[in-house]
Amino acid sequence: MKQLRRLYQQRLPQDCFTTPEFAQRLAAISTDLQEPLCVYLNRRGQVIRVGVGTLQQTKIPLLELPRYGAERLCGIRCITTTLKRNPPKTSNLTAMAIQRLDSLVTLTLTGQGFQRRGGGATGYVQEAYLAHLIPQPDPQIKERPYWMLSPPMSLEVLTQQDFLELVEGLEAEFRREFVAQAVDIDQDRVLLVGVQTAETSDTAFSETLTELARLVDTAGGEVLQELTQKRARPHPQTVIGAGKVQEVALAVQTLGANLVCFDRDLSPAQVRNLEQEFGVRVCDRTELILDIFAQRARSGAGKLQVELAQLEYMLPRLTGKGQAMSRLGGGIGTRGPGETKLETERRAIQRRIARLQKEVNQLQAHRSRLRQQRQKQEVPTVAIIGYTNAGKSTLINTLTNAEVYTADQLFATLDPTTRRLTVEHPTTGDPLTVLLTDTVGFIHELPPPLLNAFRATLEEVTEADALLHLVDLSHPAWQHQIESVSEILAEMPLLPAPVLLVFNKLDQVESDTLKQAKRLYPSALYIAASQRIGLETLRQQLAELVVESESPQVLEAWQQ
């Protein structure tokens, strides 16, 4: 222990990888211990960390390393010893790349050297290997080398090489490659990670990853790469296996990512474990959707509901700082750790959630009174439902000249919009007023916090006289989207109201897809809302739908 502590007093020349004296000293200690030794030095030549074990075992936690991104190295180099005359293992080289070390010097030692005075054997350096990272201009090339490993060299040759010249040249090359990618510093650089379990088909898994990439794009991020793994079941601690964790961590460092997004919900412990391994933020699908909702909410009601959903999601994911952030009491019986900062934050969030729930209940009651007034006026309501980005807002703008925000993005609008539409009664030909309501878009596996927080909005669906189910026929997974919407509707306390199935974006659909849809859904309508194709037929069908909702059979079913 004394010899290991004395290593911290050493200081090497700044332009040298190591000196012969320092290398032989490490060889002597490592042979004495019969264990590998890792010594980390900064660019001033000072020893900042000493570990007994391999580089993989003694690596610096990523959260403690400076984060410069993909354009710089971390400013720390490592000198390690090995008792076997072998080149460094891939695991050590991977650990070097994950930490973005300036370089890795591996000293191979002879088994037994000369006898030291006072007993005990010491070894000496037989040969050395030098490894360092190299720029990666194309992130799409798989199985590309991340590092360069020199052939074995003598200690004398190694000590004559210029360390600073190598590092400065590498960082200049890294910076050129990084700038050549035209990176927007305001965008999150995201790695997508997908886990395919036994019950998930290849098609469904591909659709999930594609949708996750669209969500990242909607949230304002840039997808750098997608990494996938097939497992019988997710790992309870890290979701993915240990080897894939190392692969993702390596990709984070080499591509300069600052966020890793998973295609499933993560537990608080899994997020904590993954962030320690990756050194960057980790988010799951629910958190990503909540972030999009926070960006898109415009009205006071929408912001209120988003804040409630975020707090309900955040509450079980709070982490404390221990007794250092505790509140101490005074007097007999009150001394000790007291109330931790974690408990204080948790109670404050619980109070805020309770207050928000009261406001959501008041909002729910207010909208209920508005609906009762409309029902007294005997004005039928039709709720436009459908998967997100199906074109619901475009349709209500086209039919009623509303000015709802529209964009080719997921969850472009969140706040419900109700507008009047006049159609002809199918029997008498008299003008018939209908209220059209644009609702929030549905998505596969809608997060429970969102479903609970948006109950005031979704009540526009549950108490509508009829439903207009809009489907984006141009989407490759349009059948899966119909199933997802049907599953969500089945979980809601809906009144027995007729549903009109309408396929949108007819102008972007291939003929084979159109034939398949007509064969599966012969009674559906086909329109192109942006091009005003099929809108007259839709108006007639809406009038028939509203009249059908007022039929005695529907009223009898409602009473039952």
* To do: Go ahead and run the numbers for FRET between VAL379 and ARG352, Cβ-Cβ distance against an R0 of 56 Å, rounding to 0.05.
  => 0.90
* Would you mind calculating the gained length between THR203 and LEU451 on full extension (0.36 nm times residue separation, minus the Cα-Cα distance), in nm to one decimal? => 86.6 nm
* Asked: Where the centroid of each part is defined by its Cα atoms, how far is the range 494-549 from the range 287-302 in Å?
  -> 30
* Structure fact -> Given unit charges at Cβ for Lys, Arg (+) and Asp, Glu (-), the dipole magnitude of the range 188-283 about its Cα centre in debye, nearest 20, is 300
* **Radius 11 Å from Cβ of GLY386, net charge of other residues (Lys, Arg +1; Asp, Glu -1)** => -1
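Relative contact order for the range 188-283: what percent, with Cα pairs under 8 Å and sequence separation of 6 or more?
For the range 188-283, the relative contact order is 37 percent.
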* **Estimated inter-spin distance, LEU227 and ASP512, nm [label 7 Å along Cα→Cβ]** => 3.6
* Structure fact -> Label model pair GLU491, GLU35: point-to-point distance (7 angstrom along the Cα→beta-carbon line) in nm is 5.1
* Asked: Length gain on complete extension for the stretch LYS84 to GLU343, per 0.36 nm per residue less the alpha carbon to alpha carbon distance?
  -> 88.1 nm
* Assuming R0 = 45 Å, what is the FRET efficiency of THR433 and ARG214, from their Cβ-Cβ distance, to the nearest 0.05? -> 0.75
* Put a dot 7 Å past each Cα toward the Cβ at ARG281 and GLN372; how far apart are the dots in nm? -> 4.4
* Determine, for MET148, MET314, MET1, MET96, the number of other Cβ atoms within 10 Å of each Cβ, and report the residues in order from fewest to most. => MET1, MET148, MET314, MET96
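If I stretch the segment between GLN540 and SER150 completely, what's the gain in nm (0.36 nm per residue apart, minus their alpha carbon distance), one decimal?
Here the answer is 132.7 nm.
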* 13 Å Cα-Cα reach of LYS244 towards aspartates and glutamates, excluding residues that sit fewer than 8 places from it in its own chain -> GLU226, GLU277
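Readers should treat all values here as calculations from the given coordinates under stated rules, not as data from a laboratory. Since the structure is predicted, the reported quantities are computational estimates derived from the model, not experimental observations. Heads up, the Cβs are rebuilt from the backbone with ideal geometry, glycines too, and the neighbour counts pull from every protein chain shown.
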